[in-house]
Each structure stands twice: as structure tokens, then as C-alpha cells.
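As C-alpha cells, the structure follows; a few thoughts come after it.
The values are calculated or read from the model by the stated rules, or taken from the named source; none is laboratory data. Please read all numbers here as calculations on a predicted model, not as lab measurements. Because the Cβ atoms are built from the backbone with ideal geometry, glycine has one as well, and the counts that use them run over all protein chains shown. The area values use the complete protein model at the heavy-atom level, side chains included, leaving out ligands, DNA and RNA. Shrake-Rupley method; radii C 1.70, N 1.55, O 1.52, S 1.80 Å.
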Amino acid sequence: MRFEFATAGRILFGEGVAAEAAPAAAAMGRRVLLVTGGNADRAAPLARALQVAGVTAAPFRILGEPTIDTIAAGTVFARGEGCDAVIAIGGGSAIDGGKALAAMLANPGEPLDYLEVVGRGQPLRQPSAPFIAVPTTAGTGSEVTRNAVLAAPERRVKASLRSPHLLPRLAVVDPELTLDLPRALTASTGLDALTQLIEPYVSVRANPMTDLYAVEGLRTAAAALPRAWENGGDRDARRGMCWAALLGGLSLANAGLGAVHGFAAPVGGMFPAPHGAVCAALLPGAMEINVGALRRRAPDSRALARYDEVARLLTGKPHATAADGIAWVAALCRRFEIPPLRAYDVTPADIPELVSRAAEASSMKGNPIALTREELEEIIRRAI
Ligand SMILES: [Zn+2]
């Protein structure tokens, strides 16, 4: 047994821990770049707390998913303001943007110097500026992962900055921040979290430590996600989903992902579709195609037994098999009214390009079996 496990320098979890973010920031810098998402009001209490803690906050807002241009502009702004630390509060977009900006504050040049696929792919040599992540959704787990996804809209692609330096110095996971998350976002972010537990668990890179997290996360999410969707004010359910999403982040950062995320990158790059909704639309079909491919070509694969275990964790039934798990996920997607990808203008004519791009995606490397082009086509066809 040999594996590596890396995560944020420190994790604070629980109701009310958001109040500890500002004092922690004060220990990291005097001028902090405060990165927020579209709803900057959510950051108002944090902005006040930073002031009380004697920290000057330079606000920077990221509307929608962060683009290369947004991060380039934010880098110029943060350097001009003399920021020495970064704190991001918001969904995955704000957190990813904050990670990228913290990296760019400490490294010369522009984001394209370091981006994979579309950029020059140089390694980030210097450790990032101190960075605190405060998620307000329960989904991406970005607070404990080592990549930041940036969009290049004019080229219709998304690409990652990827480096151990991107791991936040501190992750502050406060379930109270998710209490007023709208129902549709609870559904899509929650299904992203669920995907980010299933894919690492069946990944070829799974290790004994990520297995512990994935199993606990799947059991927790199975109970908490339907309840959080039913009643957003259910504190136990919200706490459960924050816990499950954190466990998903810990798992994926160390075990990788699979076909759903392999497709999510090109679909999200080519069409204006939110990441969680894309994952949700792809998940049941990807599970079924993977199980079929494993049965035909790798009947002794440990991943097959793991799909059965996923089913038992999701359904709570001790004799459930993979098919029951797939049915459980599909039923949840129907109940949550997850739209098919054609709702975002994806059409069958896009299949060849999406398959070509997905086959090259870094997430695809974690998939439990190498899928044929026909199998990949079938996954995306079912999601459209
Ligand atoms: Zn995801």
C-alpha cells in the first residue's frame, strides 16, 4: 500500500465558524483581497468582521464562472492594491477565482503562463499568497482541492490551474451559510457533491484513505440531500450536505474523478450550463455505461463490487446491487427536475466534438475502465 494525501492546511467545520475567518485573515495579512461571487451581499458580515479585525479589504467580484480575463484583471487589481492575502466567500466560482488570484499574487506573469491545455502550462513555482476559502454552497469541495477551473469563453473551453500550491491555507465550512441556498442550487450543487463521492470511490486511483471519506460521504449525502432539497431550513440536512461535500473534495483531490467530470469540462466550456446541473444530467448514464463496460471487459475489477457498495450506501438496503444504485440516482434527478443537456442547447450534432474533448480530459484518467468511443457517445447521448 502506497498513497499520498494532501489537503488544506487547516479545516474549520461547524455552525458559526465563519466568525473565525476574519481573525484568521488578520494573522495572514494586513491588506486582503476579498473575492465574492455574484451575490456580494453575502460577504457583508465578513467585510465588517475584517474591518473590526484591523484588516483592509479590497473587494473583487466574480460574476458567473471565473474566466482567464477576470483573473488577469483581478491579478492587476490585487497587485495594485498591495494585497498580501486572499479570502474568498461564495460558491465554487468564487473559491476557484480566489485560489487562482492567490497563486497569481505570488507568481510573476499572467494566468495563461500557468494554465494547462490553453496556456503555457508552466509550474507555479512560488507558494500562493495565504488563502482562506469560505464556501456558501455544499457542492464543489473546492475548499480542499488543488485546482482552479477557469473559462476561456472565446475558445469555448475550460482549463485548470493545477498545483499543490493551490490548496487553501484555511478552509472555513459553516453550514449556516448554506441555509438560504435556493432549491435549484441545492439540487445541482448537491448532485455535484454526490458525483464527487461516487467517482473517486470507483476511481482507479482510489486509496484506503479516500475510501473512508467517500463511504462516509455517500451514506451522509443519501440521507441529507433529499431532506435539504425538501426543506432548505433543515439544519441537520444542511450540515450533512456540507460534510458530504467536504468529504467529496477530500476524495477527488486525492483519488481523481471519472467520465462524468471528463464530459463536464467540455460541456461547461462549450455551453452556458452550470457545472452541477451538467454532472447531474450525466451521472445515471455514466454509471450504467461504466458498469456494463466493466462486466464485459473487466469482470474481476474491484470497481464492480464498489458500484454494488454505492447502491447499498445510497438505498440503505443491504442486498442492493449496482442497478439499484443507478435507479436511485436517476429517480433523484427526476424528483429534482434536473433538465437534460438540450436545455442548454447541446444537440446530437455536438456529440463527436464533446466525445473527442472528453476522451482527452484529465478527469477521464480516473475512470474505472477505458471507455470506447461508442460508450462515450452513449453517455453523452443519454444526457442530451
Ligand atoms: Zn464537480
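Could you calculate, for segment 15-57, the ratio of the Cα radius of gyration to the Kirkwood radius, expressed as Rg to Rh?
Checking Rg against Rh, the ratio lands at 0.95.
Tell me, what ³J(HN,Hα) does each residue in segment 132-140 have, in order and in whole Hz, if you take phi through Karplus 6.51 cos²θ - 1.76 cosθ + 1.60 with θ = phi - 60° and put x for Gly and Pro?
So the J values, rounded to whole Hz, are 10, 10, 10, x, 10, 10, 10, x, 5.
What accessible area per residue, rounded to a whole number of Å², is obtained for the chain using a probe radius of 1.4 Å?
The answer is 40 Å² per residue.
What helices in the chain pass both tests, a Cα length along the helix axis of 27 Å or more and a mean Kyte hydropathy of -1.0 or higher, using whole DSSP H runs?
Helix filter hits for the chain: 183-202, 208-230, 235-255, 275-297.
For the chain, what is the Kirkwood estimate of the hydrodynamic radius, computed as the reciprocal of the mean inverse distance between distinct Cα atoms, to one decimal in Å?
20.6 Å
Could you look at segment 111-226 and say what percent of its accessible area is carbon and sulfur, using a 1.4 Å probe and all protein chains?
Within segment 111-226, the accessible surface is 56 percent carbon and sulfur.
Rank-order 108-118, 16-26, 164-174 by packing density, defined as the average count of other C-beta atoms within 10 Å over each peptide's residues, highest first.
Peptide ranking by packing, descending: 164-174, 16-26, 108-118.
Using Cα-Cα distances under 8 Å and only pairs 6 or more residues apart, what relative contact order does segment 278-322 have, in percent?
Reported as a whole number, the value is 26 percent.
Could you tell me the ratio Rg/Rh of segment 311-362? Both radii from Cα atoms, Rh via Kirkwood.
Computed over Cα atoms, the ratio is 1.15.
In the chain, what % of DSSP beta bridges are antiparallel (nearest 5)?
20 percent
Distance from a point 7 Å along Cα→Cβ of Glu353 to each backbone N in segment 265-286: keep the residues under 13 Å and list them by number.
Answer for segment 265-286: 266-272.
Calculate, in whole percent, how much of the Cα-Cα pair population of segment 135-192 lies beyond 12 Å.
72 percent
How much of the accessible area of segment 1-83, probe 1.4 Å, is carbon plus sulfur, in whole percent?
The nonpolar share, carbon plus sulfur, comes to 55 percent.
Just the Cα atoms of segment 210-262: what Rg and Dmax do they give in Å?
Reported Rg and Dmax, both Å: 11.8, 34.
Among 157-163, 247-253, how do they line up by average Cβ neighbours within 10 Å per residue, starting with the highest?
For the peptides 157-163, 247-253, the packing ranking is 247-253, 157-163.
Whole percent per 10 Å bin, from 0 to the bin with the longest distance: what is P(r) over all C-alpha pairs of segment 83-151?
All Cα pairs considered, the percentages come to 22, 52, 25, 1.
Once the cut-off is 28 Å, how many percent of the Cα-Cα pairs in segment 1-150 end up in the long-distance tail?
The calculated P(r) of segment 1-150 puts 14 percent of pairs beyond 28 Å.
In units of 2.2 N^0.38 Å, what is the alpha-carbon radius of gyration of segment 195-346?
Dividing the Cα radius of gyration by 2.2 N^0.38 Å gives 1.01.
Using just the helices of the chain, give the 222 nm mean residue ellipticity in deg cm²/dmol: DSSP H runs with n ≥ 4 each add -39,500 (n - 2.57), and the total is spread over all residues, rounded to 500.
Theoretical 222 nm ellipticity from helices: -16000 deg cm²/dmol.
Give me the percent of accessible area attributable to carbon and sulfur for segment 227-273, probe 1.4 angstrom.
Exposed carbon and sulfur together represent 54 percent of the surface.
Can you list the residues, at least 5 places off or on another chain, whose amide H is less than 5 Å from the amide H of Gly90, using H built in the peptide plane?
Result for Gly90 returns Val134, Thr136.
Could you tell me the largest-minus-smallest coordinate of the C-alpha atoms of segment 94-134 on each of the three principal axes, in descending order and whole angstroms?
29, 19, 12
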